[in-house]
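**Student:** Shown below is the structure under consideration.
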Amino acid sequence: MNQEIKKIIEGCKQIFEIRGYKILKIENYEDCTDVIGEFKDESGNKKKVIARIPYKDPVGVNVVRDFAELVENEGYNHGMILAISRYTHYAKKEAQKAKLEFFPNNFAYVNLFQHYLVPKHEIATKEEIQALKKKYSLKLWQLPRLYQSDPVAKILGAKVGDVIKITRKSPTAGVYVTYRLVVAKEFY
């Protein structure tokens, strides 16, 4: 296994950890590596998640279709593809159609939140969003935006319409909280 594959596996482990997923096992195959885990949803039910790291260059539509079929047939609730190489255009379209989350080959597989300049980011709860809307009499579209393709949004697993709560420490203001609305790149 080469260094790049090891780096992506470590990045995948960090993404699982940040999202609160528990890693159950890592399976190495001839053409890919699978990281299998579980997480608890809002109601406390356990859900299965799988992340695949294909070794193929480029990652084509057949790789995505086979993985989507595996996710569906094996009862996984969420599937992610973390590529070493580039994706073909149709592979990206197929992943979106199959509701698979994919990370580009140029994604920085580092824990951004360990850097001292990066403030705490988290997905706001429904109660926090309601309190925010009531307190400031605003609509969500009035919030500053954050692209779904932003590394922070991708690591957190934020979807379009989610609100990201950012908590900063300021020498003058103490603790300062801001919110951003996650939007698709095509929004503008």
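**Student:** Go through segment 1-26 and count every residue that is under 17 Å from His78 (Cα atoms) and loosely packed, with under 15 Cβ neighbours inside 10 Å. Talk me through it step by step, then tell me what you get.
**Tutor:** Pass one, segment 1-26, residues under 17 Å from His78 (Cα atoms): 12-26.
Remaining after also requiring loosely packed, with under 15 Cβ neighbours inside 10 Å: 17, 20, 22, 24-25.
Counting residues in segment 1-26 that are under 17 Å from His78 (Cα atoms) and loosely packed, with under 15 Cβ neighbours inside 10 Å gives 5.
**Student:** Taking the conditions exactly as written (without any contact (Cβ under 8 Å) to a residue 60 or more places away in the chain and polar (S, T, N, Q)), does Asn28 satisfy them or not? Lay out the reasoning, then the answer.
**Tutor:** Working: without any contact (Cβ under 8 Å) to a residue 60 or more places away in the chain: yes; polar (S, T, N, Q): yes.
Yes; evaluated as a whole, the condition is true for this residue.
**Student:** Turning to a different aspect of this structure: Would you check if Leu117 is at pLDDT below 90 and either more than 25 Å from Ile9 (Cα to Cα) or not in a helix (DSSP H, G or I) (or both)?
**Tutor:** On the way: at pLDDT below 90: yes; either more than 25 Å from Ile9 (Cα to Cα) or not in a helix (DSSP H, G or I) (or both): yes.
It is true that Leu117 is at pLDDT below 90 and either more than 25 Å from Ile9 (Cα to Cα) or not in a helix (DSSP H, G or I) (or both).
**Student:** Please enumerate the residues belonging to segment 31-81 that are of a type in the set (Gly, Ala, Ser) and either surrounded by fewer than 17 Cβ atoms within 10 Å (Cβ to Cβ) or not in a helix (DSSP H, G or I) (or both).
**Tutor:** Narrowing segment 31-81 to residues of a type in the set (Gly, Ala, Ser): 37, 43-44, 51, 60, 68, 75, 79.
Listed by number, the residues that qualify are Gly37, Ser43, Gly44, Ala51, Gly60, Gly75, Gly79.
**Student:** May I ask you to verify whether Asn106 is under 15 Å from the mean Cα position of the chain (by Cα) and either outside the structural domain of Leu156 (by TED's automatic domain parsing) or not hydrophobic (A, V, I, L, M, F, W, C) (or both)? Spell out how you get there, then give the answer.
**Tutor:** Details: under 15 Å from the mean Cα position of the chain (by Cα): yes; either outside the structural domain of Leu156 (by TED's automatic domain parsing) or not hydrophobic (A, V, I, L, M, F, W, C) (or both): yes.
For Asn106, the condition - under 15 Å from the mean Cα position of the chain (by Cα) and either outside the structural domain of Leu156 (by TED's automatic domain parsing) or not hydrophobic (A, V, I, L, M, F, W, C) (or both) - is met.
**Student:** Same structure, new question: Could we say that Ile84 is of a type in the set (A, V, I, L, M), in a strand (DSSP E or B) and surrounded by 13 or more Cβ atoms within 10 Å (Cβ to Cβ) here? Let's see the steps before the verdict.
**Tutor:** Values: of a type in the set (A, V, I, L, M): yes; in a strand (DSSP E or B): no; surrounded by 13 or more Cβ atoms within 10 Å (Cβ to Cβ): yes.
No, not satisfied.
**Student:** Is it the case that Lys185 is over 17 Å from Ile18 (Cβ atoms) and more than 19 Å from the chain's Cα centre (by Cα)? Full working, then the answer.
**Tutor:** On the way: over 17 Å from Ile18 (Cβ atoms): yes; more than 19 Å from the chain's Cα centre (by Cα): no.
When the stated conditions are applied, Lys185 does not pass them.
**Student:** Also: If Tyr116 meets every condition in (1) closer than 23 Å to Glu17 by Cβ; (2) of a type in the set (Phe, Trp, Tyr); (3) assigned by TED's automatic domain parsing to the domain that holds Gly37 apart from one, which number is that one?
**Tutor:** It fails just one condition, (3).
**Student:** Next question, about the same structure. Show the residue pairs that are 6+ apart or on different chains and have beta-carbon atoms under 9 Å apart, the first residue being within segment 42-57 and assigned by TED's automatic domain parsing to the domain that holds Lys154, the second being surrounded by 11 or more Cβ atoms within 10 Å (Cβ to Cβ) and at pLDDT below 90.
**Tutor:** none
**Student:** To continue, here is another question. Tally up the residues in segment 87-106 that are surrounded by 17 or more Cβ atoms within 10 Å (Cβ to Cβ), not aliphatic (A, V, I, L, M) and not in a helix (DSSP H, G or I), please.
**Tutor:** The total comes to 4.
**Student:** Of all residues in segment 120-147, how many are in contact (Cβ under 8 Å) with a residue 24 or more places away in the chain, outside any loop (DSSP other than H, G, I, E, B) and surrounded by 12 or more Cβ atoms within 10 Å (Cβ to Cβ)?
**Tutor:** 11
**Student:** Looking only at segment 85-95, decide whether some residue is within 30 Å of Lys7 (Cα to Cα) and not assigned by TED's automatic domain parsing to the domain that holds Val63.
**Tutor:** no
**Student:** For segment 148-186, enumerate the residues that are loosely packed, with under 14 Cβ neighbours inside 10 Å, outside any strand (DSSP E or B) and basic (Lys, Arg).
**Tutor:** Within segment 148-186, Lys159, Lys185 meet the criteria.
**Student:** Of everything in segment 75-94 that's under 14 Å from the mean Cα position of the chain (by Cα) and small (Gly, Ala, Ser), which residue is modelled with the lowest pLDDT?
**Tutor:** The residue in question is Ala83.
The values are calculated or read from the model by the stated rules, or taken from the named source; none is laboratory data. Remember, predicted model here, so these are calculated numbers, not experimental data. Here the Cβ is made from the backbone with ideal geometry for all residues, glycine too, and neighbour counts use every protein chain on show.
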